[in-house]
Each structure stands twice: as C-alpha cells, then as structure tokens.
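Heads up, the thing below is written out as structure tokens.
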Amino acid sequence: MSARSLTQNLAEHIVIVGGGAIGLASAWALCDKGVRVTVLEAGKAGEGALWASGGMLAAGFEACFELDPGHPLAETYALFLSRSLRLWRDWAPALQALSGPALGYDLQGSVTPAFTRADEERLDLAETLAKRFDVQATRVSGDELADLEPALAKSRGALIFSHDGQLDNRALGGVLSDAVRSRGGEVVEHCRVAALDRVAGQVRGVVLETGERLAADAVILATGAERFADMPAFAQMTPVKGQMIRFDATDLQPPSRVVRGLSIYLAAKSGGRLIAGASSEPGEWALETDPDTLERLKSAACAAMPTLAGRPVVESWAGLRPSSSDAMPIVGEVEPGLYLALGAYRNGVLTAPGMAALLLQALGAQPRTNLASAFSPARLGLKA
C-alpha cells in the first residue's frame with residue numbers, strides 16, 4: 001500500500017522555507033510520504049547554522065548538563081532528545097545509501113571530564129539527572145579516563161555517555177539535499193522568500209523577493225534564527241551566537257569520543273579536522289569572530305588536550321543558534337496552511353529527525369503523540 005493511500009488528508013505540495021538541518025530533514029520525511037516538496041533556501045542549502053555547528057548527537061550530555069531541570073518540559077525534552085538520537089540509527093544508513101559524501105555518523109560516545117573540584121560537583125549533579133531522565137551514564141576515575149582517552153589532560157574523573165556521538169555537519173546538508181532530490185523533491189538555492197501568500201484567510205504559498213508567487217497547499221517555516229516578517233511575534237527566535245575554531249590534527253591521535261567538556265568541546269572530523277567550541281552569546285547577530293574569544297577557546301582546547309599546545313588555529317567561524325522564548329522547539333500549525341519547525345537551539349542536527357516526525361504528526365501523516373502537543377505552537381505560556 002502506498003504512503004499516499006495511508007494519508008489521504010496530507011497536503012499534496014508543501015513549500016519549506018529554510019534549507020538547514022530541520023528544513024531538509026522535514027523535506028526528506030515528507031517526500032517519503034509521497035508529498036511534492038519544494039525547499040527554498042536564501043543561500044546555499046546546509047551552509048548556514050548547520051555548516052557552522054559541531055554536528056553533535058549528544059542527547060545524554062545535553063539532558064544532564066544543558067537542560068534546565070526545573071523547566072516544566074524538562075522530562076519531555078530529555079525524552080525527545082533520546083528519541084531523536086534513536087531515529088538517527090535508521091536515518092543515517094538510509095541517507096548514506098542515497099548520497100556519495102561520507103556522513104561521518106559515529107556513535108562512539110561522548111565524555112565529560114572533570115578537571116577541578118567544581119567540575120566534579122557538576123558531574124555529581126549530572127549523575128543524579130541521568131537517573132531522572134533515564135540516560136545511560138558511566139562514572140570513571142581519572143586513571144580509567146587516562147586509559148580510555150590518553151590524549152586528554154590528567155583529570156579527576158569523567159562521565160561517559162555511551163550512546164552519544166556525532167556526524168559530519170558539513171556533509172549533512174549535501175547528503176540531505178541529495179536524499180530529497182532522489183525522492184522527487186526540489187531544493188532551490190539562492191531564493192529568498194519575502195512574504196506569505198494568503199488567500200481567504202489561509203496560507204496558500206509564498207511571495208519571493210523577485211515578486212513571483214509560488215503556490216502550495218501548506219508552508220513550513222524552518223528558518224532557524226532568521227526572523228521573517230510574516231512570522232508570528234511569539235515565534236521570532238533569539239539568536240545565540242557561537243564562535244568555533246579548528247586545528248589540523250592530521251598527525252595527532254585525537255580522543256576517540258566526542259569531548260563534551262564543561263568549558264570546551266572537541267570533536268575529530270574527517271581529514272584531520274579537530275574542531276573546538278563554542279562560545280554562547282545571546283542576542284548577537286554579527287557573524288564576525290573576535291580575537292579574545294578565539295584565544296579563550298584555543299586555551300581551553302589546549303588545556304583539555306595538551307598535544308594541541310603550540311599548534312595554530314587554521315580556521316575560525318561563527319554561527320547562530322535559534323532559541324525560542326521558552327528555550328524549547330516550536331513545531332506545528334500556527335494558522336491555516338502555515339506550520340512552524342523552529343527553536344532547535346543547540347540541537348538542530350540531533351533533533352532533525354525528531355522535528356520532522358513532529359511535523360508529520362501535525363500534518364496528519366502519523367498518529368499524534370504527547371510530544372507533538374508538548375512542542376505545539378499552542379502550548380501554554382508560549383505566547384505570553
């Protein structure tokens with residue numbers, strides 16, 4: 001039985017505004033359901049926040065160190081991260097089969113070392129949260145960590161999240177674009193949307209910057225941190241700038257796991273790339289880097305991995321994380337014909353399959369779950 005016959009109410013043609021991780025992942029999921037999809041990207045697909053990210057699949061670390069345990073959606077979001085990570089186990093090989101560039105999918109885990117007594121106290125709290133959020137986390141001693149990750153500096157112990165991992169974020173945009181096109185979808189680059197096209201109170205397409213109208217049965221805004229004139233005020237994202245650096249580690253043995261430190265993260269990518277990041281600068285729109293921040297990142301990276309000392313930074317850059325007013329994703333219908341897929345914040349790569357699944361539920365292509373309601377634009381308090 002075809003996907004179309006299972007979802008008779010699903011829109012036939014959907015326009016997605018934004019060609020980042022969320023927009024492209026959603027396009028691929030919709031194409032797989034038989035929908036005709038057009039992705040419109042103002043620049044080059046996959047070269048915005050996705051290209052600038054770390055490509056982290058760190059559901060365990062994020063739940064135990066970055067999630068506010070007092071947030072009313074804390075448990076729900078931790079579950080969403082975990083489910084998104086599980087989706088990648090199917091998504092990664094399926095995407096790789098449709099595209100040549102190596103996706104770099106790697107689930108060797110992440111490690112959070114403690115270098116100070118204050119770090120140890122944070123590991124204590126994280127262990128407690130791991131139990132609360134049902135996250136697999138293993139505490140190891142400093143000597144055990146030295147055996148596991150000899151490239152790291154001497155530590156007071158660490159917490160290992162064995163289910164975490166990463167992929168090559170700079171490959172993901174192209175891989176997802178190839179996958180969308182392989183299913184008959186369109187990815188149109190260097191095409192900026194100026195406004196929504198409304199007919200009789202329903203969104204029926206978009207108006208391009210050129211003045212051309214593109215009709216659609218529904219429109220999905222997956223615009224990341226970029227603000228869109230026709231977007232509801234409560235859905236305007238706050239940018240959180242992150243600066244990052246790269247070392248050439250071709251002749252070094254990097255850590256086998258992603259290092260999710262408390263002041264720096266390190267991730268080895270293909271071609272001897274070792275990336276380190278990242279700053280967190282709420283409200284900053286400018287993508288320029290500054291020497292002081294880059295030097296702090298370099299110092300923290302060298303402190304965590306001493307063999308980097310004396311090595312030059314060969315690349316630096318910045319990206320913008322999209323944060324919603326309550327720091328949670330916003331996925332679902334906001335007015336007739338208009339859907340949002342926003343607010344992935346630090347976890348756009350990790351949650352891309354999960355966000356796509358929530359959109360399918362909002363569009364009626366899959367049974368609706370509690371997660372879809374929790375992250376709906378209609379949730380309590382979001383519009384206040």
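Farthest towards the positive end of the charge dipole of region 99-213, among the residues Leu107, Gly173, Gly201, is the Cα of Gly201, using unit charges on the Cβ of Lys, Arg, Asp and Glu.
Once the 1.4 Å probe is applied to the protein heavy atoms, the chain comes out at 41 Å² accessible per residue. Seen from every direction in turn and averaged, the convex hull around the alpha carbons of the chain projects onto 18.8 nm². Carbon and sulfur: what percent of the chain's accessible surface (1.4 Å probe)? Roughly 50 percent, rounded to a whole number. Loop-resident GluC sites (Glu not before Pro) (DSSP state other than H, G, I, E or B) in region 7-113 with no more than 14 further Cβ atoms inside 10 Å of their Cβ: Glu12. Considering every alpha-carbon pair of region 25-106, the percent of pairs per 5 Å bin, from zero through the bin containing the longest distance, is 3, 11, 15, 20, 21, 15, 10, 4, 0. From the alpha carbon centroid of region 343-384 to that of region 144-172 is 30 Å. Computed as a quarter of the hull surface, the mean projected area of the alpha carbon convex hull for region 171-295 stands at 11.6 nm².
For His163, His190, His13, the ranking by accessible surface with the largest value first comes to His190, His163, His13, using a 1.4 Å probe. What is the local net charge at Ala94, summed over the other residues whose Cβ is closer than 13 Å to its Cβ (Lys, Arg +1; Asp, Glu -1)? Local charge sum for Ala94: -1. Using a cut-off of 12 Å between beta-carbons, work out the net charge of the residues near Phe247 (Lys and Arg +1, Asp and Glu -1, Phe247 not included). Here the count lands on +2. Count the DSSP beta bridges whose two residues both fall in the chain, then state the antiparallel fraction as a percent rounded to the nearest 5. Antiparallel bridges make up about 75 percent of those DSSP assigns within the chain.
In terms of the mean number of neighbouring beta-carbon atoms within 10 Å, the peptides 292-305, 261-274 order highest first as 261-274, 292-305.
Here region 206-260 is treated as a sphere whose radius is the Kirkwood value from Cα pairs; by Stokes-Einstein at 25 °C and 0.890 mPa s it diffuses with a coefficient of 152 µm²/s. At a Cα cut-off below 24 Å, give the lysines reachable from Lys269, other chains included and same-chain residues fewer than 8 away excluded. Straight-distance partners of Lys269: Lys44, Lys154, Lys241, Lys298. The solvent-accessible area of Asp290, taken with every protein chain present and a 1.4 Å probe, is close to 50 Å². Once the Cα atoms of helix 291-304 and of the chain are each reduced to a long axis, what angle between those two axes, in degrees from 0 to 90 to the nearest 10, is obtained? The helix 291-304 is inclined about 60 degrees to the chain. Radius of gyration (Cα atoms) of region 290-357, expressed as a multiple of 2.2 N^0.38 Å: 1.67.
Mind pulling the angle between the C-alpha long axis of helix 74-96 and the longest principal axis of the chain? Nearest 10 degrees, somewhere in 0 to 90. Taking Cα atoms only, the helix is inclined about 80 degrees. According to the Cα-based calculation, Rg over Rh for region 95-210 is 1.23, with Rh computed by the Kirkwood formula. The angle between the Cα long axis of helix 117-132 and the longest principal axis of the Cα atoms of the chain comes to about 40 degrees, rounded to the nearest 10. In order along region 177-185, the phi-based Karplus estimate (6.51 cos²θ - 1.76 cosθ + 1.60, θ = phi - 60°) of 3J(HN,Hα) comes to 4, 4, 5, 4, 5, 5, 9, x, x Hz; Gly and Pro are listed as x. When the residues Leu214, Leu159 are ordered by accessible surface, computed with a 1.4 Å probe over the protein chains alone, the sequence from largest down reads Leu214, Leu159.
Summing charges over all other residues whose Cβ lies under 12 Å from the Cβ of Arg198, with Lys and Arg as +1 and Asp and Glu as -1, gives -1.
The values are calculated or read from the model by the stated rules, or taken from the named source; none is laboratory data. Predicted model only: the values in this text are computed from it and were never measured. Every residue, glycine as well, gets a Cβ built from its backbone with ideal geometry; the counts of neighbours run over all protein chains shown. These area figures cover heavy atoms from the full protein model, side chains too; ligands, DNA and RNA do not enter into them. Shrake-Rupley method; radii C 1.70, N 1.55, O 1.52, S 1.80 Å.
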